[in-house]
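As structure tokens, the structure follows; a few thoughts come after it.
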């Protein structure tokens, strides 16, 4: 049995025995998390009625931070001059981000604009918006071979489920991509009184990606060579390539951090990251320990989603091995609800608390909205 799990079980047994002798402590309950955070997927942001229901749920259940998805697939659920409006919004005069900020402020619920960064498209047909990046800048797409993406073929593969299981990504190694995404964030923080910006998909699709042709031309300069006499498989095995990939993503995170500090210094910058730090670095280009230690991020939210408690615990052990304890308050532990029962989730919530984290983020509100009784069965573990 994993040592940390054994200690957790032992503490739980000891805690229950203690209760037999100190029943009055039940009157006070266990300490709650300081930061009780909820991911809200974009379909819950499509109408005022849906947002009203969300705000009521958050208020009644004492969530104090909402990460609301307002950029899903290269589109905007807010008013933008640089990003096409989401087709989910049927009312041209409705601004979901402005509406939820107005509703949440009197209740002291903090609103974070959740923005998908490199993730651009996942459908098997082209976007309806002609100003979507898939039409205007197809050369910005990332690839697992050193050539431009064949979009028609990729859409066929998505339809037939022979493509990767997510879709088309922008290339972190392409400098124009970074400039565009920084402008996206800057527009939001300049025009909306958000309490935070939450970055998602700030990563490569997997370890084989990053071979965008323009990105490779910058890799040549980074490596100090005019030509790359390598096959794709040799490039991705080159240690210098690994460094280049990570620095490309880090440059974006740093640039966004600088923009936020210049415009709204009280705005929390967070990122959803792969939960195992070693895999995050090597496979996805997410050196999120660097982002945290350098002060680029205020919060990091590991997506510790798998149902198995031993994997959940291992990911926490890796955090302990790589980050000083003083940074624990900046780590908000992310848990999934869509792939496990309430007993499993309750166990992980308690494990998170006893591991010294003072913040928790649940994925997602949409599960609680659509599954009757689910949240009520775990509620007391979050706010006793």
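The values are calculated or read from the model by the stated rules, or taken from the named source; none is laboratory data. All values reported here derive from a predicted model rather than from experimental measurement. As a convention, Cβ positions derive from the backbone with ideal geometry for all residues, glycine included, and neighbour counts pool all protein chains shown.
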Scan the range 78-96 and give yes if some residue there is modelled with pLDDT of 95 or more, in a helix (DSSP H, G or I) and either in contact with a helix residue (DSSP H, G or I) (Cβ under 6 Å, 6 or more places away or on another chain) or under 25 Å from residue 300 (Cβ atoms) (or both), otherwise no. yes
Scanning the range 77-89 residue by residue, the ones that are under 25 Å from residue 108 (Cα atoms) and surrounded by fewer than 23 Cβ atoms within 10 Å (Cβ to Cβ) total 1
In the range 107-166, how many residues are in contact with a strand residue (DSSP E or B) (Cβ under 8 Å, 6 or more places away or on another chain), part of a loop (DSSP other than H, G, I, E, B) and closer than 21 Å to residue 204 by Cβ? 7
If you check residue 261 against the conditions, is it in contact with a strand residue (DSSP E or B) (Cβ under 9 Å, 6 or more places away or on another chain) and in a helix (DSSP H, G or I)? yes
Specify the residue that is modelled with the lowest pLDDT; the eligible residues are those in the range 219-231 that are touching a helix residue (DSSP H, G or I) at 6+ places or on another chain (Cβ under 7 Å) and either within 19 Å of residue 137 (Cα to Cα) or outside any loop (DSSP other than H, G, I, E, B) (or both). 223
Looking only at the range 112-126, count every residue that is without any contact (Cβ under 8 Å) to a residue 60 or more places away in the chain and either touching a helix residue (DSSP H, G or I) at 6+ places or on another chain (Cβ under 6 Å) or crowded, with 22+ Cβ neighbours inside 10 Å (or both) and tell me the total. 3
Is it the case that residue 165 is within 19 Å of the chain's Cα centre (by Cα) and free of Cβ contacts under 8 Å to residues at least 60 places away in the same chain? yes
How many residues are on the phi < 0 side of the Ramachandran plot, in contact with a helix residue (DSSP H, G or I) (Cβ under 9 Å, 6 or more places away or on another chain) and surrounded by fewer than 24 Cβ atoms within 10 Å (Cβ to Cβ) when one looks only at the range 39-62? 16
Picking from 151, 182, 197, the residue that is under 22 Å from residue 363 (Cα atoms) and either surrounded by fewer than 22 Cβ atoms within 10 Å (Cβ to Cβ) or at pLDDT 95 or above (or both) would be 197
